[in-house]
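Readers should treat all values here as calculations from the given coordinates under stated rules, not as data from a laboratory. Not measured: the values here are computed from a predicted model. Methodologically, a virtual Cβ is constructed for each residue, glycine included, from the backbone with ideal geometry; neighbour enumeration extends over all protein chains shown.
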Amino acid sequence: MRGPRGYRHGSDLQELGIIPDGALLIRNGVVVEAGSTRRLENLAAARGAIEVNAAGRVVMPGFVDSHTHLVFPPPGDGEESAARTVRASTAQRIAARSRAWLLAMARHGTTTVEAKTGCDHKHGAQAKLLRVLRALHGDPLDVIASFQLRLPEGDAAETVEWAIGEFLPAIRKRRLARFADISWDADPAHAECFGRCLRAARNLGLPCKIHVHPACTGAAIRQGVANLAVSIDHWEGAGAADVELMAGAGSMATVMPGAWLRRDGPLPPVRALLDAGVPLALATDFAPQLARSLNMQTVVAMACRWMGMTLEEAISAATVNGAHALGSGGKVGSLEPGNAADLIVLNTSDYRELACHFGANLVFLTMKRGEFIYQEGEVAPLDAADLRAAW
């Protein structure tokens, strides 16, 4: 995936930079060299290195899942029930539940994940979730926190004043979130409120994301482009006019194939976005309450099967462009000197197998910052005494 230091768009998305019989030299969790095995084996810096033999397997960057709702509660009776669950749960309990999902993501090859708050507009619940996300960061994955603002019915103005006057400055000062994520709903009365929040976050130096409702894509995209949003997410229901607004804007379009499967309606205009030169990232939209799809391999396969992407475009969108959607470009998402050694080893000798599997797990090893955090295990009988100890 060595290539331009910026996000990939246009023909750049097709260039994977494959190295047949390749090798990586890693020191202190960082890629030092990448190239042919013969060249790297002869480097003085490689003398005495521990060799990990991945012969016959694909080695590629770990997936970057740039849109999830990791800390949402499990299924309940709707969003208000979820909010009550957050308020009633301890931070430790939420963290333990969320860590289990992170471990599952690691087993499926994700090494960096974004996670939003947003299931409650109350100060205490939002702060609790941000503290949980800070505690989860690095254990074992990088967790990028986004404060997601949703406006309730009835007291939207009060919520906006709280967000602008109190919460956004506080999370910026304490560095509790990397992004302010505006959940742009279909209520036309909220449009001005969302615009104020975007401008306030931008003035604080807090980068923004837009969470677009299918019924109001145009207004959300215009405001996102005007306020230099890092990404504009959820393109179900978008049309040609929306694509035109994004062309040349510099914002990332983030598409979640799993979100489309859950809703009736047209496909996101993925091919039109790509042909217009819009940079595009793929993500899972994982949420314990609604969508428990956390396998980025499946996202890649779905994007190829139903959304008109080539496999090369989908891999780029799920790695290096996902990193740029999180402000982490040049750090993760590609295996080149200076980047973190975040990688996966696949149980296949041909990367094109990724387009052929739906729900299967091809990951043999997952490495995060030079440390192997997952290895595929054998299917074998377990002694009852060992199980009893786990109970």
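Multiplying the sequence separation of Leu103 and Asp139 by 0.36 nm and subtracting their Cα-Cα distance, what value in nm do you get?
Extra length available between Leu103 and Asp139 comes to 12.1 nm.
Using packing as a proxy for protection, rank 300-313, 255-268 so that the peptide with the highest average count of other Cβ atoms within 10 Å comes first. Mind showing how you got there, number by number?
Working: 300-313: 20.1, 255-268: 18.0.
Output ranking for 300-313, 255-268: 300-313, 255-268.
Between Asn53 and Lys331, how high is the FRET efficiency from 1/(1 + (r/R0)^6) when r is the Cβ-Cβ distance and R₀ = 22 Å? Nearest 0.05.
0.20
Percent relative contact order of the chain, based on C-alpha pairs within less than 8 angstrom and at least six residues apart? Before the final figure, lay out the partial values.
Values: 806 pairs, mean separation 90.4, N = 391.
Relative contact order, the chain: 23 percent.
If each residue of separation counts as 0.36 nm, what is the full-extension length gain between Arg27 and Ala96 once their alpha-carbon separation is subtracted? Before the final figure, lay out the partial values.
On the way: separation 69, 0.36 × 69 = 24.84 nm, distance 3.12 nm.
Result: 21.7 nm gained on full extension.
Show me 83-90, 126-133, 212-219 ranked by packing, highest mean number of other Cβ atoms within 10 Å first.
Values: 83-90: 15.5, 126-133: 22.8, 212-219: 18.0.
The peptides rank, most packed first, as 126-133, 212-219, 83-90.
Give the residues of region 152-178 whose amide nitrogen is closer than 12 Å to a point set 7 Å from the Cα of Glu192 in the direction of its Cβ.
157
So what's the net charge close to Arg99: Lys and Arg +1, Asp and Glu -1, counting the other residues with Cβ under 15 Å from its Cβ?
Working: positive: Arg93, Arg97, Arg107, Arg131, Arg134, Lys368; negative: Asp139, Asp142.
After counting each charged neighbour, the total is +4.
Can you give the extra length, in nm with one decimal, that the chain gains between Thr310 and Glu158 once fully stretched, where that is 0.36 nm per residue apart less the Cα-Cα distance?
Values: separation 152, 0.36 × 152 = 54.72 nm, distance 4.62 nm.
Extending this stretch completely gives an extra 50.1 nm.
Skipping prolines and chain starts, which residues have an amide H placed within reach, meaning under 5 Å, of the one on Val30, given they are 5 or more residues away or on another chain?
Those lying under 5 Å, H to H, from Val30 are Ala341.
Please order Phe72, Phe372 by the number of other Cβ within 10 Å, starting at the fewest.
Working: Phe72 26, Phe372 12.
Arranged by neighbour count, lowest to highest, Phe72, Phe372 become Phe372, Phe72.
What's the lysine pair count for the chain at a Cα cut-off below 17 Å, pairs eight or more apart or interchain? Don't skip to the end; give the middle numbers.
Details: Lys116/Lys128; Lys116/Lys209; Lys128/Lys173; Lys331/Lys368.
Summing the qualifying lysine pairs gives 4.
Which residues does the label zone of Ala44 cover in region 325-363, counting backbone N under 15 Å from a point 7 Å along Cα→Cβ?
Once the point is set 7 Å along Cα→Cβ of Ala44, nothing inside region 325-363 turns out to lie under 15 Å by backbone N.
Report for the chain the percent antiparallel among DSSP-assigned beta bridges with both residues inside it, nearest 5. Kindly include the intermediate steps, with their values, before the conclusion.
Working: 20 of 48 bridges.
Taking every DSSP beta bridge with both residues in the chain, the antiparallel ones total about 40 percent.
Evaluate E = 1/(1 + (r/R0)^6) for Ser11 and His123, where r is the Cβ-Cβ distance and R0 equals 35 Å; express this FRET efficiency to the nearest 0.05. Don't skip to the answer; put the middle values down first.
Values: r = 47 Å, r/R0 = 1.34.
Efficiency for this residue pair is about 0.15.
How far apart, in nm, are two points set 7 Å out from the Cα along the Cα-to-Cβ line at His213 and at Leu290?
1.2 nm
Net charge near Ala276: determine it from the other residues with C-beta under 14 Å of the C-beta of Ala276, scoring Lys and Arg +1 and Asp and Glu -1. Provide the component values of the computation, followed by the final result.
On the way: positive: Arg271; negative: Asp242, Glu244, Asp275, Glu313.
With Lys, Arg at +1 and Asp, Glu at -1, the net is -3.
Of the listed values [x] 58, 50, 44; [y] 58, 49, 40; [z] 65, 56, 40, grab the one calculated as Cα extents along the principal axes in Å from the structure here.
Recomputing Cα extents along the principal axes in Å here gives the entry labelled [z].
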